[in-house]
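S.K.: So that we are looking at the same thing, I have put the structure below in structure tokens.
Read-outs: derived from the displayed coordinates by stated rules, not from any lab. Note that this is a predicted model, so its numbers are computed, not measured. Cβ sites come from the backbone with ideal geometry, for glycine too, and all protein chains shown count toward neighbours.
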Amino acid sequence: MKYMMFVCTDSEPETDESRVPDIEVWVAGNDAAGRRITGNVLAAPSAATTVRVRGGEVLLTDGPFAETKEVIVGFDILECADLDEAIAVAAAHPMAHTGRLELRPYADR
Amino acid sequence: MTEDVGAAVEAGWDSYARIVASLIRVTGDWNLAEDCAQEAMAAALERWPRDGVPGNPGGWLRTVARNRAIDVLRRAAVEKTKLREVAMLWDPSRPPAEEIDDDRLRLIFTCCHPALSLEARVALTLRTIAGVPTADIARAFLTSEPTMTRRITRAKSKIAAARIPYRVPAADALAERLPGVLAVLYLLFTRGYDADGEPAFAAEAIRLARLLSALMPAEPEVPSLLALFLLQHSRRDARRDAAGDLVTLPKQDRSRWDRAAIAEGLEILLHTPVEGPYAVQARIAACHATARTFADTDWSSIAGWYDQLARIQPSPIVALNRAVAHGYANGPDAGLLLLAEARADGALDNYPAAIAVEADLVARAGDRPRAAELFRAAAAVAPAEVERRALLARAAELA
């Protein structure tokens, strides 16, 4: 089962930094176990371009499609047996502590 | 319908969860599992009064449900291996008892998965495990049937789409997940026990706690929760007068308490260690259940248990009840002091029970006009009509 994991900021991060896990350890461990297919950090939302085509015309907007305080700053594609495994992988990611993660399953199984 | 048939159909509901749970495991199809279990129940209701109750009612229900599932799957041209698996279900030549028990536990843990909203968990548990009609669930949660249907359908879709596993969590995760399951049962029970609740839900919660207790005997909080339910539920007939109005604990006719339920609850507590909040709450309920009269209540023990509960599971409601207990054990002034502490963070603002507690303490401290005023203020913010009437009656007594 594949899950897209959106990595987002959050207005109420964990204050005790000693509890936040290390990202290098997370990436290395999940890559080695075959649970992380790919992933990356994204440039700031100010670098985003939103694209629509209406009536054959390409319409471009500067910025992300939704202006919110919490923004997507990265993503990972996970391969997990089920949601419980994906939750365990997500909970060990530093941004689960300092931000928030959204697990979205692929629609095809 | 004869009484025998009625009892057999009632006992058949115990088979319902087994049938649904095993069919979900093998087919992965929640709707199919429910439909087939319901059709088996309907067939029993139709045939047993006419043809007599079969020698093994549970086996009869399982066979009807399984055959129905095979029919549906065959028509849907499901692959042969799955059909064979369904056909092998409940094969009397194999000893399947443990496997079936595991299926029901799997079902409970999946329905109560924390990735589902709490409302969805409660609704799904009622619908899938207890077989309660969606219309009844909707009524109890003050919403329309289509809304409740959508909520349940969405929960089932999420289980499939996000692949919420159909299994009991492994040992380390179990400790983390069990409280969530017990919270669903507790909410279900209070939904049945509340002033404007659906009384049948309290009985359903007891049935589920009994099942979970039998399936997980090594987890002390599970039998503790069952004992808590039994002890509270023992007062159900004494809690309402002939007009349907609430009767407060001091005024209840204790001869109407269910002695068998109390005995069962106390027996469970005898051999269950105090390990968590339900164990403590059950002991508080036991103190009430064993007091011959209200005046005989062992308030200093109850106050001690509330001190412990406030340490292991602090909440505004626990703080409020702790104030009540100390108010009886150590006098109204001690109670008012703890009430002020409980209210300090504002969580109990406009909470009718907190105002009623203050009213009661003030009355016992001697200021009757102020107490009557407070009871009227509590009635003004109470959500249920029966509660309002009870509070206004208290105010009238003090005038």
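S.K.: Compute a Gaussian network model of chain A, connecting alpha carbons closer than 10 Å, and tell me which residue from A:ARG54, A:ARG36, A:ARG19 fluctuates the most.
M.R.: The residue with the greatest mean-square fluctuation here is A:ARG54.
S.K.: Looking only at B:ASP172, B:ASP333, B:ASP103, which one moves most when chain B is put into a Gaussian network model with springs between Cα atoms under 10 Å?
M.R.: Answer for the Gaussian network model of chain B: B:ASP172.
S.K.: Could you work out how far helix A:23-32 tilts from the main Cα principal axis of chain A, as a 0 to 90 degree angle to the nearest 10?
M.R.: That helix lies at roughly 80 degrees to the long axis.
S.K.: Another one. Listing B:SER15, B:SER224 from the residue with the fewest other Cβ atoms within 10 Å to the one with the most, what is the order?
M.R.: Numbers: B:SER15 21, B:SER224 28.
Ascending number of Cβ neighbours within 10 Å: B:SER15, B:SER224.
S.K.: Relative to the longest principal axis of chain B, what angle (0 to 90°, nearest 10) does the C-alpha long axis of helix B:221-233 take?
M.R.: Roughly 60 degrees between the two axes.
S.K.: Can you check what the net charge comes to around B:ASP29, using other residues whose Cβ is under 11 Å from the Cβ of B:ASP29 (Lys, Arg +1; Asp, Glu -1)?
M.R.: Details: positive: B:ARG25, B:LYS82, B:LYS156; negative: B:GLU34, B:ASP35.
Its environment carries a net charge of +1.
S.K.: Could you list the chymotrypsin sites (Phe, Trp or Tyr not before Pro) in segment A:1-107 that lie in coil according to DSSP, counting only those with at most 14 other Cβ atoms within 10 Å of their Cβ? Mind dumping the intermediate values first?
M.R.: Working: sites: A:TYR3, A:PHE6, A:TRP26, A:PHE65, A:PHE75, A:TYR106; in loops: A:PHE65, A:TYR106.
Listed in order of number, the matching sites are A:PHE65, A:TYR106.
S.K.: Only Cα pairs within less than 10 Å get springs; with that Gaussian network setup on chain B, which residue of B:PHE189, B:PHE109, B:PHE141 has the largest fluctuation?
M.R.: B:PHE141
S.K.: State, as an integer percentage, the relative contact order of segment B:112-211 based on alpha-carbon contacts under 8 Å between residues 6 or more apart. Intermediate values should be presented prior to the final figure.
M.R.: Working: 87 pairs, mean separation 25.1, N = 100.
Worked out over segment B:112-211, it gives 25 percent.
S.K.: Tilt of helix B:57-75 relative to the longest C-alpha principal axis of chain B, in degrees (0 to 90, nearest 10)?
M.R.: Helix B:57-75 and the main axis of chain B meet at about 60 degrees.
S.K.: Just report the Cα centroid separation between segment B:217-255 and segment B:336-399, whole Å.
M.R.: Measuring centre to centre over Cα atoms gives 23 Å.
S.K.: Can you put A:LYS2, B:LYS158 in order, fewest other beta carbons within 10 Å first?
M.R.: Numbers: A:LYS2 15, B:LYS158 18.
Fewest to most other Cβ atoms nearby, the residues stand as A:LYS2, B:LYS158.
S.K.: I would also like to ask the following. Provide the packing ranking of B:181-187, B:247-253, B:119-125, i.e. peptides ordered by the mean count of other C-beta atoms within 10 Å per residue, highest first. Could the numbers behind the result be given before it?
M.R.: Working: B:181-187: 20.9, B:247-253: 12.9, B:119-125: 22.6.
Result, highest mean Cβ count within 10 Å first: B:119-125, B:181-187, B:247-253.
S.K.: What order do you get for A:VAL27, A:VAL53, B:VAL168 when you list them from fewest to most C-beta neighbours inside 10 Å?
M.R.: On the way: A:VAL27 14, A:VAL53 8, B:VAL168 20.
Ranking A:VAL27, A:VAL53, B:VAL168 by Cβ neighbours within 10 Å, fewest first, gives A:VAL53, A:VAL27, B:VAL168.
S.K.: If you count, for every residue in A:72-84, the Cβ atoms of partner chains within 10 Å of its Cβ, what is the mean? Could the numbers behind the result be given before it?
M.R.: Working: counts 0, 0, 0, 0, 0, 0, 0, 0, 1, 2, 6, 9, 10.
Across the residues of A:72-84, the mean count of other-chain Cβ atoms within 10 Å is 2.
S.K.: Counting partner chain Cβ atoms within 10 Å of every residue's Cβ in B:161-167, what's the average?
M.R.: Working: counts 7, 9, 11, 5, 5, 1, 2.
Mean partner shielding for this stretch: 6.
S.K.: Based on DSSP H runs of at least 4 residues, each adding -39500 (n - 2.57), what is the mean residue ellipticity at 222 nm of the protein assembly as shown after dividing by all its residues, to the nearest 500 deg cm²/dmol?
M.R.: Result for the protein assembly as shown, helices only: -19500 deg cm²/dmol.
S.K.: Moving on. What is the distance in Å between the Cα centroid of segment B:315-332 and that of segment A:41-92?
M.R.: About 51 Å separates the Cα centre of segment B:315-332 from the one of segment A:41-92.
S.K.: Normalising by the residue count of chain A, find the relative contact order in percent from Cα pairs under 8 Å and 6+ residues apart. Don't skip to the answer; put the middle values down first.
M.R.: Numbers: 180 pairs, mean separation 56.7, N = 109.
Computed value for chain A: 52 percent relative contact order.
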